[in-house]
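Notes for the one structure printed next.
The values are calculated or read from the model by the stated rules, or taken from the named source; none is laboratory data. This structure is a prediction, so every number in the text was calculated from the model and none was measured. We place every Cβ from the backbone using ideal geometry, glycine too, and count neighbours over all the protein chains shown.
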Amino acid sequence: MKTKWKATALKMGELYVEKSSLTYQKDVGEFLWIPIWATALSGGEYNILIDTGIHDLTWVQENIGPARQQTDEMIVTALEKGVGWTPDDVDIVINTHLHYDHCGNNKLFKNATFFVQKKEWEAAHHPIPCQEGIYLSELYDSVAVNYFDWMFVDGEEEIVPGVKVFLTPGHSEGHQSVLINTEEGILCVSGDVSNLLENIYENLPAGILTCTKEMYTSMEEVRKRAEFILPGHEFSIQKYQCNHYPTLKNVSA
């Protein structure tokens, strides 16, 4: 029997964005604060972390836009409060993709093995022009993470029993989402294939993307495969939430 994992949402701060960056060609001129989510998976043989948030609040404010972060939203404190871990306790880090707000603290996890799609690794080192500003190589280069600690996935792979990654491109060229076996059913930690529930519920691509067609296909794959979802920046999720995630049952394109 596969492990039934507990998935705990860890808030890594907030970004102030124009909503059209989340909802394709919609909500232009509307601004809102959105959370940055990491997810800790506990209850199995390994301690697993999905995404690692932002590395430096000031850098984000100076290079991206308005951002804020409470003390308990810094990753070391969030891990301790949410699941009782230190960075050294983390065995596996899964990066949904390598944009600055999803891999910012990779360097802290010295005992971890890191999983990312091979396509994303290639895209992060040779980004298309419109995404150059949201990839920061120092967050995933050999100074941050020893090259030999990376595992490069090619498509779909079960990382450990009950935790599977699959390719969901569109927001980035090698984006992946994570399927997790939980007590309540199959949860998808979607990353930014669905920034908000609105994306997956209304079949609405994100505003930041590499391929619109791929986004539609990826969202449909998430709807087919999962029963519940934790989107990358959904504001209805609660800090340290670990169950009762939004349902995908009876949701169709």
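Annotation note: Cβ proximity below 9 Å between a residue of the range 113-124 that is within 7 Å of V153 (Cβ to Cβ) and a residue that is acidic (D, E) and not in a helix (DSSP H, G or I) (sequence gap 6+ or interchain) occurs for F115/E157; Q117/D154; Q117/E173; K118/D154.
Here is the figure for the range 61-73: residues that are surrounded by 14 or more Cβ atoms within 10 Å (Cβ to Cβ) and touching a Gly at 6+ places or on another chain (Cβ under 8 Å) total 4. Looking only at residues in the range 1-38 that are of a type in the set (D, E, K, R), part of a loop (DSSP other than H, G, I, E, B) and touching a residue at least 40 places away in the same chain (Cβ under 8 Å), the one that is surrounded by the fewest Cβ atoms within 10 Å (Cβ to Cβ) is K2.
Conditions (1) over 18 Å from L196 (Cβ atoms); (2) among the β-branched types (V, I, T); (3) touching a Lys or Arg at 6+ places or on another chain (Cβ under 7 Å), marked per residue:
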| position | (1), (2), (3) |
| --- | --- |
| K4 | yes, no, no |
| G13 | no, no, yes |
| S21 | no, no, no |
| V28 | no, yes, no |
| Y46 | yes, no, no |
| V60 | yes, yes, no |
| P66 | yes, no, no |
| Q70 | yes, no, no |
| E73 | yes, no, yes |
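Answer with yes or no whether K81 is in a loop (DSSP other than H, G, I, E, B) and surrounded by fewer than 17 Cβ atoms within 10 Å (Cβ to Cβ). Answer is no for this residue. Screening L79, L98 for residues that are touching a residue at least 24 places away in the same chain (Cβ under 8 Å), touching a Phe, Trp or Tyr at 6+ places or on another chain (Cβ under 6 Å) and within 21 Å of Q241 (Cα to Cα) leaves exactly one candidate, L79. Count of the range 63-78 residues, restricted to those that are over 18 Å from H99 (Cβ atoms) and in contact with a helix residue (DSSP H, G or I) (Cβ under 7 Å, 6 or more places away or on another chain), is 5.
Within the range 107-143, the set of residues being among the aliphatic types (A, V, I, L, M), modelled with pLDDT of 95 or more and either part of a loop (DSSP other than H, G, I, E, B) or at positive phi (or both) comprises A112, I128, L136.
Considering only residues in the range 141-176 that are buried (at least 19 other Cβ atoms within 10 Å of the Cβ) and out of contact with any strand residue (DSSP E or B) (no Cβ under 8 Å at 6 or more places or on another chain), the one that is nearest to I208 (Cα to Cα) turns out to be G170. The number of residues in the range 204-253 that are surrounded by fewer than 17 Cβ atoms within 10 Å (Cβ to Cβ), hydroxyl-bearing (S, T, Y) and within 21 Å of D51 (Cβ to Cβ) comes to 2.
I want to confirm something. Restricting to the range 39-60 and keeping residues that are under 15 Å from V76 (Cβ atoms), free of Cβ contacts under 8 Å to residues at least 60 places away in the same chain and crowded, with 18+ Cβ neighbours inside 10 Å, which single residue is farthest from the chain's Cα centre (by Cα)? Here the residue is N47.
This table checks each residue for (1) in a loop (DSSP other than H, G, I, E, B); (2) in contact with a strand residue (DSSP E or B) (Cβ under 7 Å, 6 or more places away or on another chain); (3) modelled with pLDDT of 95 or more; (4) not hydrophobic (A, V, I, L, M, F, W, C).
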| site | (1), (2), (3), (4) |
| --- | --- |
| V178 | no, yes, yes, no |
| N181 | no, yes, yes, yes |
| I186 | no, yes, yes, no |
| V189 | no, yes, yes, no |
| Y201 | no, no, yes, yes |
| P205 | yes, no, yes, yes |
| E214 | no, no, yes, yes |
| T217 | no, no, yes, yes |
| E220 | no, no, yes, yes |
